[in-house]
Amino acid sequence: MSTTWVMVANASHAKLFSNEGPNKGLQLVKELCHPESREKAAELVSDRAGSGSYAQPTPPKVHEAERFAAEIAQELEHGRIQNTYGRLILVTSAHFMGLLNERLSQSVRDKISDSINKDYTSLPVKELAGHLESYMRL
């Protein structure tokens, strides 16, 4: 299979691209958003009575980033099960890469050819392709 998936993500936004082979470019497959990761911590904490006396083990923003990493991992697992891609390139910020890697199955990890610790989520496709040239022929 020559299909490569490229997951470009940060804690609140992800774009999944597909490449069908050399000189075929990148096609957007899916876009995922998790606006809760952008909320201020105070807006994510409950106002219920008694909640002030309980120290949360994980800060709310980190918890939301973990939830989004799990959602992305599920999407990548679904694609693997459907045999939609043969190779995976992850492009995420360093911190989010750690959260995502913790949630990926070994079967998905086995498909990862490259991990790039950069946040390219806001780049236009053409500029993103320029950054990926040393990893694949687009």
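Tabulated data for the structure shown
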read-out: Net length gained if the chain between Leu32 and Gln82 were fully extended (0.36 nm per residue, minus Cα distance); value: 16.1 nm
read-out: Burial ranking of peptide ranges 84-94, 13-23, 125-135 (average Cβ count within 10 Å, highest at the top); value: 84-94, 13-23, 125-135
read-out: Computed lengthening from Asn101 to Gln74, 0.36 nm per intervening residue step minus Cα-Cα distance; value: 8.5 nm
read-out: Selection from Ala69, Ser122, Asn83, by position along the positive dipole direction of segment 53-131 (Cβ); value: Asn83
read-out: Cβ-based net charge around Val91, under 14 Å, with every Lys or Arg adding one and every Asp or Glu removing one; value: -1
read-out: Relative frequency of Cα-Cα separations exceeding 19 Å in segment 84-138, percent; value: 32 percent
read-out: Reachable lysines from Lys61, criterion Cα separation under 27 angstrom, eight or more residues apart if same chain; value: Lys15, Lys30, Lys40, Lys118
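Bear in mind these aren't lab numbers, they're just calculated from the coordinates by the rules spelled out. Because the structure is predicted, anything quoted here is derived from the model rather than measured. Positions of Cβ are backbone-derived with ideal geometry, glycine not excepted, and every protein chain shown enters the neighbour counts.
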